[in-house]
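The values are calculated or read from the model by the stated rules, or taken from the named source; none is laboratory data. Note that the coordinates shown come from a computational prediction; the quantities given were computed from them, not determined experimentally. All Cβ positions, glycine included, derive from the backbone under ideal geometry; neighbour counts span all protein chains shown.
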């Protein structure tokens, strides 16, 4: 069982959350001319590192806020959590 | 190589089975090979075997970080099937079914292939319609498919919940009678033994630490047991693909996730088929030892840990009990986890790469085990001929740019949702 610290509610069990995937994937800027390749890369490519991974979680059975979680993908250690709009280190 | 037969069994019985030849050697790596296959799992071993057998390329090394068969080929639920709707998947898998049927003879190793049939349960009229469509597509591709109504399902699996007030009543199901199971370890060992006998070096406890690429061409692999030169290198490391891709500065349409499986205590034979729950993600079969072999959802977040988390197991088994209420009476014997390459359209990649002489075999999602022979066969062809075979032409890497996705389930890029 993972215990995730929600910046709004405190430490809660993973059962209250839904996973939202890699938080470092950046949507290309609106109204900017981009190539098909850039768009495909945004939609499909993932680094999926072993080790530190910044990811989105949705506190769906709690405050319903999206948060960012920095977690180790091999040990499941959670280093830090952020509000969705908070800048990460 | 010593041939396995009833006579060799009797002969060795007289010496208390102390004089069997080793099934494969433990060589030290040579300075150079024609082909290096990274990953000594089912797909890697099969690739080396077909390179030697079909293409006469025997100066081959398999490099494995741990021990052969210790990864996903030893961690799956042993299901073999070709019940796919899309042509690329259907034809590829059905080609594999042929190889499965001949495998024990071909490898002179009993892989205990048991074509006991798979039943996908349907729990609504809409699902029956979808299965009827899938079944028809399968039959158009020459794959056996039978649509069963409720009574026909009940005859085959009377222990499923056919009572009145159930949340997901069984409307019927789609059956592929020729699907089944096989002994997973035997598949790895059988391929390893034959590949070794044809001159392939199986090098275990040898971790890849880097690649040597010169002028866009692969020239060798750096490993924990020294640098090894190679004309061609094939990556067969589903689960760890992203780790090696990072060494090559490649980013792939793949995320690594954990999938759990478990077995119950052994009970007397009661389940003749592989059965999947249609209202969730749960599948079940009974092993020859009598254990109920079960699996279902991914743990749901990126993971390289090879061990599972309880909430997912609980969720999966809740579905299992909804389908087969008797499961609630059984004790759990073992649970384990394996790490999956989850590709962004749910289908694998067997292709060349932008680096000359480097070939990619990855993205197997939930379906790596059943693909073992077909994957090895087509990957060997791709490496030997330096071009894809028509069977794996659809499994290209650039389909994510051209839009030719093979989205069998239409799940999209949220690979952890099932």
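Take the residues in region A:22-52 that are at the interface with chain B (Cβ under 8 Å from one of its Cβ atoms) and in contact with a strand residue (DSSP E or B) (Cβ under 6 Å, 6 or more places away or on another chain), then tell me which one is surrounded by the most Cβ atoms within 10 Å (Cβ to Cβ).
Ranking the qualifying residues of region A:22-52, first place goes to A:48.
Going by the conditions given, is residue A:47 within 15 Å of the chain's Cα centre (by Cα) and closer than 20 Å to residue B:298 by Cα?
Details: within 15 Å of the chain's Cα centre (by Cα): yes; closer than 20 Å to residue B:298 by Cα: yes.
Against the criterion (within 15 Å of the chain's Cα centre (by Cα) and closer than 20 Å to residue B:298 by Cα), residue A:47 qualifies.
Please enumerate the residues belonging to region A:1-12 that are in contact with a helix residue (DSSP H, G or I) (Cβ under 9 Å, 6 or more places away or on another chain) and more than 8 Å from chain B (Cβ to nearest Cβ).
Selection gives A:3, A:4, A:6, A:9.
For region B:214-249, enumerate the residues that are buried (at least 24 other Cβ atoms within 10 Å of the Cβ), away from chain A (no Cβ under 14 Å) and in contact with a helix residue (DSSP H, G or I) (Cβ under 7 Å, 6 or more places away or on another chain).
B:234, B:235, B:236
Pick from region A:53-76 the residues that are within 11 Å of chain B (Cβ to nearest Cβ) and more than 28 Å from residue B:397 (Cβ to Cβ): which of them is surrounded by the most Cβ atoms within 10 Å (Cβ to Cβ)?
For region A:53-76, the residue satisfying everything is A:57.
So which residues in region B:250-265 are farther than 26 Å from residue B:396 by Cβ, part of a strand (DSSP E or B) and either more than 14 Å from chain A (Cβ to nearest Cβ) or in contact with a helix residue (DSSP H, G or I) (Cβ under 6 Å, 6 or more places away or on another chain) (or both)?
B:260, B:261, B:262, B:263, B:264, listed by residue number.
Do we have any residue at all in region B:302-311 that's within 14 Å of chain A (Cβ to nearest Cβ), in contact with a strand residue (DSSP E or B) (Cβ under 8 Å, 6 or more places away or on another chain), surrounded by 23 or more Cβ atoms within 10 Å (Cβ to Cβ) and not in a loop (DSSP other than H, G, I, E, B)?
yes
Assuming residue B:357 fulfils every condition listed in (1) in contact with a strand residue (DSSP E or B) (Cβ under 7 Å, 6 or more places away or on another chain); (2) over 18 Å from residue B:42 (Cβ atoms); (3) surrounded by fewer than 17 Cβ atoms within 10 Å (Cβ to Cβ) apart from one, which condition is it?
Unmet for residue B:357, out of (1) in contact with a strand residue (DSSP E or B) (Cβ under 7 Å, 6 or more places away or on another chain); (2) over 18 Å from residue B:42 (Cβ atoms); (3) surrounded by fewer than 17 Cβ atoms within 10 Å (Cβ to Cβ): (3).
Scanning region B:393-418 for residues that are at pLDDT 95 or above and touching a strand residue (DSSP E or B) at 6+ places or on another chain (Cβ under 6 Å), which turns out surrounded by the most Cβ atoms within 10 Å (Cβ to Cβ)?
Once the filter is applied, the top-ranked residue is B:395.
This table checks each residue for (1) in contact with a helix residue (DSSP H, G or I) (Cβ under 9 Å, 6 or more places away or on another chain); (2) more than 29 Å from residue B:106 (Cβ to Cβ); (3) within 12 Å of chain A (Cβ to nearest Cβ).
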site: B:348; (1), (2), (3): yes, no, no
site: B:351; (1), (2), (3): yes, no, no
site: B:365; (1), (2), (3): no, no, no
site: B:376; (1), (2), (3): yes, no, no
site: B:385; (1), (2), (3): yes, no, no
site: B:398; (1), (2), (3): no, yes, yes
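Considering each residue of region B:360-383, count those that are part of a helix (DSSP H, G or I) and in contact with a strand residue (DSSP E or B) (Cβ under 8 Å, 6 or more places away or on another chain), and give that number.
Qualifying residue count, region B:360-383: 5.
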